[in-house]
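FYI, it's all coordinate maths here, none of it is from the lab. Because the structure is predicted, anything quoted here is derived from the model rather than measured. So basically every Cβ, Gly included, is an ideal-geometry build from the backbone, and we count neighbours across all protein chains shown.
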Amino acid sequence: MFCHRCGTQVASGNQFCTNCGQALGAAPGLAATPAVAWNPPRGIHSNTWHWIGQGWDLVKADIGIYILLALVFFLLNSAVPLILTGPLMAGFHIVCMKKLANKRAEFADLIAGFNFFIPALVASLVISVFIFAGMLACLIPGLVVAAMYKFTYLFIVDKRMDFWQAMQASHAVVKNDYFGFTMFLLGMFLVNVLGFLCFVVGLLVSIPVTIAAITIAYREIVGFEPATMEAL
């Protein structure tokens, strides 16, 4: 189970969070995993360039903090590849969620993703294996698999889901429009290619834009939990 206030994973028998001391029965909206009943949406479609454009607007409004966070993201990922990818992705989504709520985002918000270390780590490893297997079969299945799980970290953070529940929830969204969400993935890839061509340092802008675009897409399709947003 997870702490209602800070998101730290704690043993099911604990009455208080070992990180912040919050009583684990104090917030019924976040008391279980998943925290709330969630019904997969139906009939939705990807809106690639709208989401990417909105992501650029979000990053552009506070580009300095995003560049700094992207630099730290690169450095930590390079130092400990694979192991830190999931928690750092969760943290970057937290930053974007706070900015969308007109809250002040700080460097510590990137590290807040480590409150979800185990589910985010396992999710990143499992997703990597699935994508690799898809790529071995053919390029297109690999791309579809990558698109299927793009919302996983947001479900972990927002709904307090464990890794497999979050992966299933992400798939439940994407299966409404496999083609469209694969195009969304390719659109974000093109944005990052453009960032790479801008003397590589452009990735410090393009990667935050793509993560922001995923967060915005999640907000429009699924919606953030009020209790989660209040706790951020």
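Going from the fewest other Cβ atoms within 10 Å to the most, the residues C138, C96 appear in the order C138, C96.
Between the alpha-carbon centres of segment 153-232 and segment 72-115 there is a gap of 13 Å.
Using the number of other C-beta atoms within 10 angstrom as an exposure proxy, rank E230, E225 with the fewest first.
Numbers: E230 11, E225 19.
Going from sparsest to densest Cβ surroundings: E230, E225.
The stretch between Y178 and N77, if pulled fully straight at 0.36 nm per residue, gains 33.5 nm over its current Cα-Cα span. Exposure proxy for K98, K103: other Cβ atoms within 10 Å of each Cβ, ordered fewest to most, give K103, K98.
Full-extension gain between F107 and N192, please, as 0.36 nm times their residue separation minus the C-alpha to C-alpha distance.
Working: separation 85, 0.36 × 85 = 30.60 nm, distance 2.25 nm.
28.3 nm is the gain from fully extending F107 to N192.
With an a/c value of 1.5 or above and a/b not larger than b/c for the gyration tensor axes a ≥ b ≥ c computed over the alpha-carbon atoms, segment 95-232 is described as oblate.
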